[in-house]
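These notes are about the structure you will find just below.
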Amino acid sequence: MNIHKILRYILLFFCYSNLVLFLFLTIVYVFFDNTLIGFVVGIIYPGIAPLLCLVYLVSGLIIVRFSFMKDTRLDRIGALTIIVICAFMLIVAFIPYMQISYRVRDAENQLFQTYGTTYTNLTTSNMRPVPYSIYDNIFGFPIDEAKFSVQTDILYLNNGNDSFYFDWYKPNGDGPFPVIIAIHGGGWVMGNKAGGNVIPFNKYFASKGYVVFDLQYGVYDVTKVPEMGDFGKAFAMISSLITPKYNSSYTIQQQLENIGYFTKVLEVNRTKYHADLNKTFIVGRSAGGHMASIVTLGYKNPLFAGNFSSIMNITAGIWFYPPTNLTKSKSPFFDKLLVGSLPLDLQYNKFSASFLVKNSTVVPPIMIVQGDKDGVVDYPANLEFQEYAKSLNKTCIFVTIPWGGHAFDINFQTYGGQISTYYIERFMALELGG
Amino acid sequence: MEKLKILKNKQFFKYYLLLTVVTLILTLFFNALGLMGELQIQTVAGILIVTAVPLLVILILLIFSRANRNDDIGRKIIRMNYLTLIIMCVCFSFLVLAGLFSSFYFDPASMPLFGQFLSVFLFVIWVVFGICLSLVCYITLPIERAWLF
């Protein structure tokens, strides 16, 4: 066998591997988005698929060129199969981008219906000029790093077992600045501030004059659920890579109490941190979105009396892909997480946005941002929540990220991060009075 | 099939080369200007990128079918064609990594400029390779034996 033949086989092996890999990713992304692997693929794939299509198109081309060039029936079928596979992957890669204008129009309509001419007359010279820019997708999200400073790992609570820290993103100047409290996700059992909570988002809003606080608030130790067995132990091992080392385990109620304690610390130190607590936005992702929903809707609710700063006024809640309706399931997992001061059934109500939105006297405006291919948190359920909130005459804007998976904004410069930022900054400006 | 014969026409190939080289030069020019942050320029730059990539890919396919493998210059053009294709694939893959790098950094106090520099660098590489390939083809087009027209 000569060297040319060997090289040809190596090249073909490489091309077939490429094609199989991308076909696998595409199939998982399209058809298995509610599985664990589908969730992982859905985070990154839609944002990067168009840039990678050249790789599998070239692979397909080389395969057709070297494997199916004889004019036999079998070769023609083989070549056609490769072409169909490549076309399928290409179409899937561009479907989200074809839907952008439709989803943007939907968000525009909602904002216009809610705010009317205040929205159309809003001064946007300091904001992102377009919902999506190919240029920014390739070269990165422009953030003016000179307009703010960051101080990391500031202690706000030591409960004897664990210490909790936050990062402080301070805009230049004396302020006081509107506040963003950013709550990380991780299914209540893992996660961290900073790298676990979309740093570019925090930086962007700090550069636009918001003082951002990104905090740790504790997680539940899954090894405390014996029913989870070895899976729980394996999960704990993986989660330890992206979670601070906590000595204690924290239920959802305790996690919320930690967040509440932070608001009290902020109240005492508001001058030091240049924070205008009268203009506070609560932003959270996934489980952090759930926490944000409870803070937004519950901070003046008697169920949470004494939990939060008494002078804090929440201007709006921004919830990324949040679970808005916790229902008792057959799994013992949530039962253990929700143990608290009330009987379990009432705890489920207390920690569900769908209950609080009806039973709280103070309901700040809400913006929910979610991808319609979210395999972890039910997208239709959150659309139902929006309809429910609107039927109660509450302001609830829903921005759908086309074909976006769970945690779509981790790769921040792609279309999910761009569209969400575009509407969030307008929503916040409108709630601050334009 | 009759209509496809135009693709094998030398005159068409010449104009296609010109179109590709002009688009690629404009892509480079407008993307460089886009660094100043002007929205209109960035929009044009984005449209040019979306136009330039398929133009270059189709050019590469045309060169594969029209360059003469039995001639020394033709073979060199084909090698350059392969090289451009590989460079494009590698650059696009690394552009993805550069984007991910900009998002997945763990220290808020650091500036993720490396990812952005890498993106610009990779972008310039594939556009320049595309321009060189188009120009080489344009210059060698009068050499009859290098092409199969």
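Between A:Leu277, A:Leu297, the distinction of being among the hydrophobic types (A, V, I, L, M, F, W, C) and out of contact with any Asp or Glu (no Cβ under 8 Å at 6 or more places or on another chain) belongs to A:Leu297 only. Identification of helices (runs of 4 or more DSSP H) wholly contained in the stretch A:59-175 with 2 or more residues that are within 14 Å of chain B (Cβ to nearest Cβ) yields A:73-115, A:134-139. Inside the stretch A:146-190, residues that are out of contact with any helix residue (DSSP H, G or I) (no Cβ under 7 Å at 6 or more places or on another chain), over 23 Å from A:Asn258 (Cβ atoms) and surrounded by fewer than 19 Cβ atoms within 10 Å (Cβ to Cβ) make up a count of 6. The set of residues in the stretch A:104-131 being more than 13 Å from A:Phe427 (Cα to Cα) and small (Gly, Ala, Ser) consists of A:Ser125 alone. Does B:Val120 satisfy the criteria of being within 10 Å of another protein chain (Cβ to nearest Cβ), in a helix (DSSP H, G or I), surrounded by 14 or more Cβ atoms within 10 Å (Cβ to Cβ) and at pLDDT 90 or above? Answer is no for this residue. Among the residues of the stretch A:193-220, those that are closer than 15 Å to A:Glu145 by Cβ and within 14 Å of chain B (Cβ to nearest Cβ) comprise A:Ile199, A:Pro200, A:Phe201, A:Asn202, A:Lys203, A:Tyr204, A:Phe205, A:Ala206, A:Ser207, A:Val212. Residues considered: A:Ile10, A:Ile37. Of these, the only one that is under 22 Å from A:Phe320 (Cα atoms) and either among the aliphatic types (A, V, I, L, M) or touching a residue at least 24 places away in the same chain (Cβ under 8 Å) (or both) is A:Ile37. Looking for something within 14 Å of chain B (Cβ to nearest Cβ), part of a helix (DSSP H, G or I) and out of contact with any Leu (no Cβ under 8 Å at 6 or more places or on another chain) - is there at least one such residue anywhere in the stretch A:394-408? Taking every residue of the stretch A:394-408 in turn, at least one turns out to be within 14 Å of chain B (Cβ to nearest Cβ), part of a helix (DSSP H, G or I) and out of contact with any Leu (no Cβ under 8 Å at 6 or more places or on another chain).
A single entry from A:Ser310, A:Ser329 fulfils the requirement of being touching an Asp or Glu at 6+ places or on another chain (Cβ under 8 Å) and modelled with pLDDT under 95: A:Ser310. Listed by first and then second residue, the pairs with beta-carbon distance under 9 Å, at least 6 apart or on different chains, first residue in the stretch B:63-76 and farther than 14 Å from B:Phe149 by Cα, second polar (S, T, N, Q) and part of a loop (DSSP other than H, G, I, E, B), are B:Arg75/B:Asn68. The residues of the stretch A:265-312 that are of a type in the set (Lys, Arg) and within 24 Å of the chain's Cα centre (by Cα), listed by number, are A:Lys279, A:Arg285.
The values are calculated or read from the model by the stated rules, or taken from the named source; none is laboratory data. Since this is a predicted model, take the numbers as computed values, not measurements. Cβ coordinates were reconstructed from backbone atoms using ideal geometry, including for glycine residues, and neighbour counts include every protein chain displayed.
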